[in-house]
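Chemist: Have a look at this one.
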Amino acid sequence: MKRVYMDCGSSTSVDKEIVEMMVPYFGTYYGNASSIHSFGREAYQAIEESRNKVASTLCANADEIIFTSGGTESDNLAIKGVAFLNKNKRGSKGPHIITSTLEHPAVLETCRYLEKQGFDVKYLPVDKYGVVKLEELEQAISKDTFLITIMYANNEIGTIEPIEEIGKIAKDHDIVFHTDAVQAIGKHPIDVDRSNIDLLSISSHKIYGPKGVGALFIRNGVKIQQTMHGGGHEKGLRSSTYNTPGIVGLGKACELAQTRMEKDTRYLKNLRDKLIKNVLKIEESYLNGHPEKRLVNNAHFRFTGIEGESLLLKLDEKGIAAATGSACSSMKLKASHVLTAIGLSPVEAHGSIRLTLGRESTEDEVSYASEVLQEIVDQLRSISPLWNR
Ligand SMILES: Cc1ncc(COP(=O)(O)O)c(C=O)c1O
């Protein structure tokens, strides 16, 4: 059976060049990068080279990069790290954090945890495309606000947020600005200075690197508190023996993302637009998210009278991998918080699916997926109580 992977927003394959670069760090250069002997120094050198590559992708300095186990840990470290330093700031309702209603659970759940610890969190509403409303952000700021955390691009509907404007607002009010750029890196040029970003999270497995490794950019001068205690690696902010092969993989993934960005963007945008054009020919089908300000590889649709999970299973039977909700919550049958945040009803939210393309996607796959979708939508509607034409 034909197998078509359209779930690159969940994870990508690992690029062969990246695998090749990682392999020697398992069997040849396996020393602990913190050791003084030559085995350790070899690993340490590779880690520092990766640090340079990651920094260069973000237009940052190498000493502003901390390696972590992925996007979730980077988000936790950034948000809790700043929050714990500000816990004694006493506002009327407690020290204040601003975030948005459509963040990834790595941010939302961290904020909910902090609420239980006495922090006051404002969850900003978004418009029908998923764009944070800047006037509401300005209005939400108080003298107790010490952190704004708003994602660069949404993992479900692909909407890109007005990061430069948010960064400017944060800077004007002297508030630390964190952004989760896990989905944006490699698909959108990032410049932490131009956008006044203080903290930024990335993950390797969305950009053809290995799983279980990521990084946090921490602007020089921005203070955060450690959340994990141990041997004092990464300036004491992230103890634990270095995952040398993983870090080497992340560095190479960032390098490739940067050198291939223009070519990838052109290729993916063209494919994505073809997919959107084809799928929107299906009766009562709609695009979720912003029509233009969206990730180059993201197409997110809703179909009247269809249940997204059934659609997903039928697509899988035809060899097509798609997603509903975010990968971490797709086992839950709750309507996606992102789709309800943009104003969809639970029924509309449940009738939605995400197709995310990658470097290996082809025109042929786009045509196949479009045809199969039409076929399955017709089939499901013929037995759907929600579709009574
Ligand atoms: C926007 C966003 N943030 C954070 C994460 C979590 O990253 P990781 O899987 O590396 O922990 C993801 C993964 O889906 C994501 O899409």
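The values are calculated or read from the model by the stated rules, or taken from the named source; none is laboratory data. Only a predicted model underlies this, so the values are computations on that prediction, with no experimental measurement involved. Ideal geometry is used to build each Cβ from the backbone, glycine not excepted, and the neighbour counts take in all protein chains shown.
Chemist: Would you pick out the residues in the stretch 44-86 that are more than 18 Å from A253 (Cα to Cα) and of a type in the set (S, T, Y)?
Modeler: Y44, T72
Chemist: With closer than 24 Å to N155 by Cβ and surrounded by fewer than 23 Cβ atoms within 10 Å (Cβ to Cβ) as the only criterion, which of L386, L357, L339, L312 stands out?
Modeler: When all the criteria are applied, what remains is L312.
Chemist: Output the residues belonging to the stretch 231-258 that are more than 18 Å from Q45 (Cα to Cα) and hydrophobic (A, V, I, L, M, F, W, C). Don't jump to the end; show me each part of the working.
Modeler: Taking the stretch 231-258 and keeping what is more than 18 Å from Q45 (Cα to Cα), we get 231-232, 236-239, 256-258.
Answer for the stretch 231-258, where residues must be more than 18 Å from Q45 (Cα to Cα) and hydrophobic (A, V, I, L, M, F, W, C): L237, L256, A257.
Chemist: Out of all the residues in the stretch 147-158, is one or more out of contact with any Cys (no Cβ under 8 Å at 6 or more places or on another chain), in the same structural domain as I224 (by TED's automatic domain parsing) and surrounded by fewer than 24 Cβ atoms within 10 Å (Cβ to Cβ)? Working first, answer last.
Modeler: Initially, the stretch 147-158 is screened for residues out of contact with any Cys (no Cβ under 8 Å at 6 or more places or on another chain), giving 147-148, 150-158.
From what is left, the residues that are in the same structural domain as I224 (by TED's automatic domain parsing) are 147-148, 150-158.
If we keep only those that are surrounded by fewer than 24 Cβ atoms within 10 Å (Cβ to Cβ) as well, we get none.
Scanning the stretch 147-158, I find no residue that is out of contact with any Cys (no Cβ under 8 Å at 6 or more places or on another chain), in the same structural domain as I224 (by TED's automatic domain parsing) and surrounded by fewer than 24 Cβ atoms within 10 Å (Cβ to Cβ), so the answer is no.
Chemist: If you don't mind, another one. Any idea which of I197, I190, I175 is within 25 Å of I66 (Cβ to Cβ), away from the ligand (no atom under 16 Å from the Cβ) and in the same structural domain as T68 (by TED's automatic domain parsing)?
Modeler: I175
Chemist: Shifting gears a bit: Report yes if some residue within the stretch 76-99 is more than 28 Å from E64 (Cα to Cα), modelled with pLDDT of 95 or more, assigned to a helix (DSSP H, G or I) and of a type in the set (A, V, I, L, M); otherwise report no.
Modeler: No.
Chemist: Looking only at residues that are assigned to a helix (DSSP H, G or I) and within 18 Å of the chain's Cα centre (by Cα) in the stretch 100-132, which one is farthest from the ligand (Cβ to nearest atom)? Quick ask: steps written out before the conclusion?
Modeler: Going residue by residue through the stretch 100-132, those that are assigned to a helix (DSSP H, G or I) are 105-116.
In the following step, the residues that additionally are within 18 Å of the chain's Cα centre (by Cα) were identified as 105-111.
Details: P105: 8, A106: 4, V107: 7, L108: 10, E109: 11, T110: 11, C111: 13 Å.
Per the criteria, the residue is C111.
Chemist: Determine whether C59 is over 14 Å from Y242 (Cα atoms) and not assigned by TED's automatic domain parsing to the domain that holds D180.
Modeler: Criteria not met by C59.
Chemist: Checking the structure you have, find out if any residue of the stretch 295-308 is outside any helix (DSSP H, G or I), out of contact with any strand residue (DSSP E or B) (no Cβ under 6 Å at 6 or more places or on another chain), over 30 Å from W387 (Cα atoms) and of a type outside the set (V, I, T).
Modeler: Looking for residues that are outside any helix (DSSP H, G or I), out of contact with any strand residue (DSSP E or B) (no Cβ under 6 Å at 6 or more places or on another chain), over 30 Å from W387 (Cα atoms) and of a type outside the set (V, I, T), one finds none in the stretch 295-308, hence no.
Chemist: I need every pair where a residue in the stretch 207-221 that is closer than 16 Å to K235 by Cα has its Cβ under 7 Å from the Cβ of a residue that is outside any loop (DSSP other than H, G, I, E, B) and near the ligand (Cβ under 10 Å from one of its atoms), sequence separation at least 6 or different chains.
Modeler: A215/T68; A215/S74; A215/I202; L216/T68; L216/S74; L216/S201
Chemist: A further question on this structure: Any residue at all in the stretch 105-116 that's surrounded by fewer than 17 Cβ atoms within 10 Å (Cβ to Cβ) and either touching an Asp or Glu at 6+ places or on another chain (Cβ under 6 Å) or under 25 Å from C8 (Cα atoms) (or both)? Please lay out each step first, then the result.
Modeler: As a first pass, look at the stretch 105-116 and keep what is surrounded by fewer than 17 Cβ atoms within 10 Å (Cβ to Cβ): 105, 109, 112-113, 115-116.
From what is left, the residues that are either touching an Asp or Glu at 6+ places or on another chain (Cβ under 6 Å) or under 25 Å from C8 (Cα atoms) (or both) are 105, 109.
Checked against the condition, which is being surrounded by fewer than 17 Cβ atoms within 10 Å (Cβ to Cβ) and either touching an Asp or Glu at 6+ places or on another chain (Cβ under 6 Å) or under 25 Å from C8 (Cα atoms) (or both), the stretch 105-116 yields at least one hit.
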